[in-house]
1. In segment 174-197, which residues are open to solvent by 20 Å² or more (accessible area, probe 1.4 Å) and either assigned to a strand (DSSP E or B) or hydroxyl-bearing (Ser, Thr, Tyr) (or both)?
2. Regarding residue 214, is this residue of a type in the set (A, V, I, L, M, F, W, C) and without any contact (Cβ under 8 Å) to a residue 60 or more places away in the chain?
3. Any residue at all in segment 203-211 that is assigned to a loop (DSSP other than H, G, I, E, B), over 23 Å from residue 43 (Cα atoms) and touching a Phe, Trp or Tyr at 6+ places or on another chain (Cβ under 7 Å)?
4. Determine, yes or no, whether residue 164 is open to solvent by 30 Å² or more (accessible area, probe 1.4 Å), more than 24 Å from residue 243 (Cβ to Cβ) and not hydrophobic (A, V, I, L, M, F, W, C).
5. Given the condition at pLDDT below 95, in contact with a Gly (Cβ under 9 Å, 6 or more places away or on another chain) and open to solvent by 50 Å² or more (accessible area, probe 1.4 Å), answer yes or no: does some residue in segment 237-254 qualify?
6. Just one of the numbered conditions (1) open to solvent by 50 Å² or more (accessible area, probe 1.4 Å); (2) outside any loop (DSSP other than H, G, I, E, B); (3) over 30 Å from residue 149 (Cα atoms) is not true of residue 26; which one?
7. Across segment 39-62, what is the total count of residues that are within 22 Å of residue 203 (Cα to Cα), part of a loop (DSSP other than H, G, I, E, B) and open to solvent by 20 Å² or more (accessible area, probe 1.4 Å)?
8. Identify, by number, the condition in (1) surrounded by fewer than 18 Cβ atoms within 10 Å (Cβ to Cβ); (2) part of a loop (DSSP other than H, G, I, E, B) that residue 200 doesn't meet.
Amino acid sequence: MKLLYPLLLSTIITITTADRRCRGVNFNGKYYDIDMIKEGINKIHQMALNRNDNTVYFTYDQLSEIPMRSLGYVKLDTREAGLIGGIRNASGVAIDHVRNKVYVGGQDGLFVLNKDGAPEKYPVYDSIEKLFFKDVLFFVNSKGEAHVFDNGILNPVIELHNEKVDDLIIDDDDNLFFLQNGTLFRVKIGTRAINIHERYKVNVITVDPYYRAFIVTTEGVFVYNKYKFALDKVSNIRDLRALSFNKNLEPVYVVVDVMIKLSLNPLKCVEFY
């Protein structure tokens with residue numbers, strides 16, 4: 001970890017020097033303290049934060065002779081961390097906050113964690129790479145095909161017919177964003193007109209609790225402005241591997257192999273005249 005700290009400090013310095021009146025990490029117009037939650041998360045694949053109990057679930061590569069992905073968790077309130085077994089090559093993870101369900105996708109299909117935290121299988125046998133939940137469950141399989149799973153019924157996402165997809169999200173205005181090899185595209189649910197946002201190389205797409213779309217790029221973090229049909233920059237933080245938000249809209253993200261939580265502390269921002 002000694003080699004990691006200069007990189008993290010460099011990132012922090014880059015962020016804070018934009019406004020010398022305040023101390024901390026600037027994100028979406030507010031300044032935050034950095035709280036390092038967990039180290040050693042190798043090649044994180046997907047992350048989701050359950051806002052009902054403040055637990056972060058994430059899938060990542062295990063360092064072993066046979067490459068495999070595993071499902072891990074961290075309870076932010078207590079820092080308890082662990083692994084959940086029983087899902088071969090766990091990859092996708094998403095949360096239904098209304099029903100308090102944690103969905104996990106893997107090589108053998110779709111699972112849900114029961115009240116004891118153990119996986120139970122759903123009748124979906126596709127190899128799943130990414131998951132997203134908004135009213136119903138969406139997933140992307142290993143072939144890059146997008147599907148929706150609703151009340152036990154599986155259907156393709158019509159708007160993405162014949163499109164190869166790496167990841168997808170849907171915002172509060174029914175805009176469906178999806179990635180193809182780091183390029184961001186957008187299509188309105190119920191239509192087939194696909195728009196491209198090709199200015200930035202995109203690493204991660206996610207939503208906050210209000211389903212605002214956040215776009216993580218090599219040049220910083222952006223939020224989609226549905227009135228301008230454009231991306232507005234909200235942070236200079238670059239090259240994040242995963243991003244989520246708690247119920248207070250405080251970001252939780254992974255950079256390199258470290259999970260970080262940004263904690264809002266308005267006393268850290270002082271005006272000088």
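The values are calculated or read from the model by the stated rules, or taken from the named source; none is laboratory data. The structure displayed is predicted, hence computed values, not measured ones. Positions of Cβ are backbone-derived with ideal geometry, glycine not excepted, and every protein chain shown enters the neighbour counts. Side chains are part of the model used for accessible areas, which takes the heavy atoms of the whole protein and leaves out ligands, DNA and RNA. Shrake-Rupley method; radii C 1.70, N 1.55, O 1.52, S 1.80 Å.
1. Initially, segment 174-197 is screened for residues open to solvent by 20 Å² or more (accessible area, probe 1.4 Å), giving 174, 180-181, 183, 185-186, 188-197.
Within segment 174-197, 180, 183, 185, 186, 188, 191, 194, 195, 196, 197 meet the criteria.
2. Values: of a type in the set (A, V, I, L, M, F, W, C): yes; without any contact (Cβ under 8 Å) to a residue 60 or more places away in the chain: yes.
Here the answer is yes, as residue 214 does meet what is asked.
3. Filtering segment 203-211 down to residues assigned to a loop (DSSP other than H, G, I, E, B) leaves 208-211.
Narrowing further to those that are over 23 Å from residue 43 (Cα atoms): 209-211.
Checking the rest, the ones that are also touching a Phe, Trp or Tyr at 6+ places or on another chain (Cβ under 7 Å) come to 209.
Checked against the condition, which is being assigned to a loop (DSSP other than H, G, I, E, B), over 23 Å from residue 43 (Cα atoms) and touching a Phe, Trp or Tyr at 6+ places or on another chain (Cβ under 7 Å), segment 203-211 yields at least one hit.
4. Details: open to solvent by 30 Å² or more (accessible area, probe 1.4 Å): yes; more than 24 Å from residue 243 (Cβ to Cβ): no; not hydrophobic (A, V, I, L, M, F, W, C): yes.
Judged against the criteria, residue 164 is not a match.
5. Checked against the condition, which is being at pLDDT below 95, in contact with a Gly (Cβ under 9 Å, 6 or more places away or on another chain) and open to solvent by 50 Å² or more (accessible area, probe 1.4 Å), segment 237-254 yields at least one hit.
6. (1)
7. The number of residues fulfilling the criteria is 4.
8. (1)
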